Amino acid sequence: MKPQATLDLHGQTITEALGLVDHFLEESKSRGLQKVLLIHGKGIHSQAGSGILKEAVRKHTRNHRLTGETGVPDREMGGEGAFWVVLR
């Protein structure tokens, strides 16, 4: 199943991104969506040289009460720079 909605988090701080993720998951669930895509980027442009936002978003999302199965999409849908979520 392809994601039914997408949230692009590029340029957000961790605090901003996690708030947006919470709102997006709640809204997606209320709209009856089953699968969504979060685009956090790979982190190659960060000062630390690693995906700080990527790791924070993935950890937060995996522990969210609305999150079921999760995974990394195929390359054409963002690969390591994105994360799909099946909603409970």
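Scan region 19-40 for residues that are outside any helix (DSSP H, G or I) and touching a residue at least 60 places away in the same chain (Cβ under 8 Å) and report the count.
Going through region 19-40, the residues outside any helix (DSSP H, G or I) turn out to be 31-40.
If we keep only those that are touching a residue at least 60 places away in the same chain (Cβ under 8 Å) as well, we get none.
Selection size over region 19-40: 0.
In region 11-27, the qualifying residues are those that are at pLDDT 95 or above and of a type outside the set (A, V, I, L, M), and the one that is farthest from Arg58 (Cα to Cα) is Glu27.
In region 1-18, the residues that are under 19 Å from Asp74 (Cβ atoms) form Cβ pairs under 7 Å with partners that are among the aromatic types (Phe, Trp, Tyr), at six or more places apart or across chains, as follows: Pro3/Trp84; Leu7/Phe24. Within region 45-74, which residues are modelled with pLDDT under 90 and loosely packed, with under 11 Cβ neighbours inside 10 Å? Within region 45-74, His45, Gln47, Ala48, Gly49 meet the criteria.
In region 1-34, the residue that is farthest from the chain's Cα centre (by Cα) out of those that are within 13 Å of Arg88 (Cα to Cα) and buried (at least 18 other Cβ atoms within 10 Å of the Cβ) is Ser28.
The values are calculated or read from the model by the stated rules, or taken from the named source; none is laboratory data. All values reported here derive from a predicted model rather than from experimental measurement. Please note: Cβ atoms are built from the backbone with ideal geometry, for glycine as well, and neighbour counts cover all protein chains shown.
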